[in-house]
1. Name every residue in the stretch 69-89 that is of a type outside the set (Lys, Arg) and under 15 Å from residue 54 (Cα atoms), in order of residue number.
2. Pull out all pairs, ordered by first then second residue, where Cβ-Cβ is under 8 Å, the residues are six or more apart or on different chains, the first lies in the stretch 282-307 and is on the phi < 0 side of the Ramachandran plot, and the second is aromatic (Phe, Trp, Tyr).
3. Among the residues that make up the stretch 318-328, is at least one of them assigned to a helix (DSSP H, G or I) and free of Cβ contacts under 8 Å to residues at least 60 places away in the same chain?
4. Can you spot a residue in the stretch 341-349 that is surrounded by fewer than 23 Cβ atoms within 10 Å (Cβ to Cβ), part of a loop (DSSP other than H, G, I, E, B) and not hydroxyl-bearing (Ser, Thr, Tyr)?
5. Could you list, in sequence order, the residues of the stretch 273-301 that are assigned to a helix (DSSP H, G or I) and either more than 25 Å from residue 128 (Cβ to Cβ) or touching an Asp or Glu at 6+ places or on another chain (Cβ under 8 Å) (or both)?
6. Please go through the stretch 364-379 and pick out each residue that is part of a loop (DSSP other than H, G, I, E, B) and surrounded by fewer than 21 Cβ atoms within 10 Å (Cβ to Cβ).
7. Restricting the first residue to the stretch 133-144 and requiring it to be basic (Lys, Arg), which pairs with a second residue that is buried (at least 23 other Cβ atoms within 10 Å of the Cβ) and part of a helix (DSSP H, G or I) meet a Cβ separation below 7 Å and a spacing of at least six or different chains?
8. Among the listed residues 357, 337, 298, identify the single one that is modelled with pLDDT of 95 or more, surrounded by fewer than 22 Cβ atoms within 10 Å (Cβ to Cβ) and in contact with a Phe, Trp or Tyr (Cβ under 9 Å, 6 or more places away or on another chain).
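The values are calculated or read from the model by the stated rules, or taken from the named source; none is laboratory data. Because the structure is predicted, anything quoted here is derived from the model rather than measured. Using ideal geometry, Cβ is built from the backbone for each residue, glycine included, and neighbour counts are taken over all protein chains shown.
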Amino acid sequence: MSMTDTRRGVIQAAAVLASAVAWPAWMPRLAFAPAQTAPRGDTLVVVFLRGAADALNLVVPHGEAAYYNRRPTLAIPRPDDRRASAAARAVDLDGFFGLHPALRPLLPVWEAGHLAPIHACGAPDESRSHFRAMELMERGVEDERGPASGWIGRHLATLNTSNPSPLRAVGLGQLPQRSLSGAVPVSALRSIVDFHLGGDARAVNQMQAALASLYAGGEPLNRLGQETLGILETLQALDPLGYVPAGGARYPESEFGLGLRQIAMLIKAEVGLEAAAIDAGGWDTHFAQGGSEGLMAALLTDLGQGLAAFHADLFAHMNRLTIVTLSEFGRRVPENASLGTDHGHGSLMLLLGGHVAGGRVHGQWPGLAAEQLVGPGDLAVTTDYRDVLAEVCLRRLNNSALGEIFPGFTPTLRGFLTA
């Protein structure tokens, strides 16, 4: 029996025991480590935009006429287009690229030098299949023959930080993200509030007493039970409802905003968090995508407000924090007949943190003329997403085992980050 299976058994036993005291229906795989356990290198936060976000409307190439020719309905107006309201225009970054207007909250992050978009990046896979593309990207491999573990999991396994915390890696959601899978135990966390059992102190005390009695002793299973008890006590010490973000930050009242807020709490509580993964879904915009307003604009509002609040809340921690966003692939350059965009190829990544080479859009721009597109009409990939992640691992996470993290791939360091 593996350690993961054993740990799961402990949690299941705790859940059965808890039924009399209103234990929540879900139970993440958590364990305890002493507070004040500091990670080596930055804390890594990975945001996966699931569904293939439209990179061209996220960071808009407003300086390229072909963008407007191919998207007569969905294109975001140029920053100087007086025919559109100021609120509907792209937010200029460098005279060629601009942010979608819903991402205006990220402009202060850009101006602080803490935001580095990387355009026309992605994976070599051209299947345009959500399942296959996400699977390979989270594993950090080029095809199915690679290892089944995730790239973050391999990073954690190859870097000895002397950090025993089971909160070393956390996946926000019911199950940990595939990128976290590997030899290092991972915690899946939906809501710290749920660990307070609805504020019923008597129920909490009963649960802790029951676990302490059931798992007294020194056997491995008992130690796991004691770790589970310890993490309950640790999360009980946090006050998610009373938490006041720093810097006047206001997280959106969404699942994504709640997740980022909880990651910020864990970072500040110094429970040994080294890596966190969180998802934002809904980006498969085949129908009625919208331009400056509509479906995608609503998704970008949540994303922009969430990341801006996270940056403001953790501004004092920015020199030890790196945030990465990625999506499995981009969208087709021309809009379709349903006023949406179909599966494409080239995508976009965002890097946020105190040591990104911010204030400029990175990547080799391939252009949008017909002869410059690939496949059925897609933005080309000129930067492999693993180049970005490998540089994060090497320069900010202090892990040089890139051959093990991304097997069969030789990364090119392009200067997205500083050492």
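1. If we filter the stretch 69-89 for residues that are of a type outside the set (Lys, Arg), which is where we start, we get 69, 72-77, 79-81, 84-88.
Answer for the stretch 69-89, where residues must be of a type outside the set (Lys, Arg) and under 15 Å from residue 54 (Cα atoms): 73, 74, 75, 76.
2. Here the result reads 296/283; 299/283; 302/256; 303/256; 305/251; 306/251; 306/256, each pair linking the stretch 282-307 to a residue that is aromatic (Phe, Trp, Tyr).
3. Yes, the stretch 318-328 has at least one match.
4. The answer is yes, given that some residue of the stretch 341-349 is surrounded by fewer than 23 Cβ atoms within 10 Å (Cβ to Cβ), part of a loop (DSSP other than H, G, I, E, B) and not hydroxyl-bearing (Ser, Thr, Tyr).
5. Start the filter on the stretch 273-301 by keeping residues that are assigned to a helix (DSSP H, G or I), which leaves 295-301.
296, 301, listed by residue number.
6. Within the stretch 364-379, the subset part of a loop (DSSP other than H, G, I, E, B) is 364-369, 373, 375-377, 379.
Answer for the stretch 364-379, where residues must be part of a loop (DSSP other than H, G, I, E, B) and surrounded by fewer than 21 Cβ atoms within 10 Å (Cβ to Cβ): 364, 365, 366, 367, 369, 375, 376, 377.
7. Pairs that qualify, where the first residue is basic (Lys, Arg) and the partner is buried (at least 23 other Cβ atoms within 10 Å of the Cβ) and part of a helix (DSSP H, G or I), are 139/151.
8. Values: 337 fails: in contact with a Phe, Trp or Tyr (Cβ under 9 Å, 6 or more places away or on another chain); 298 fails: in contact with a Phe, Trp or Tyr (Cβ under 9 Å, 6 or more places away or on another chain).
That would be 357, the only listed residue that is modelled with pLDDT of 95 or more, surrounded by fewer than 22 Cβ atoms within 10 Å (Cβ to Cβ) and in contact with a Phe, Trp or Tyr (Cβ under 9 Å, 6 or more places away or on another chain).
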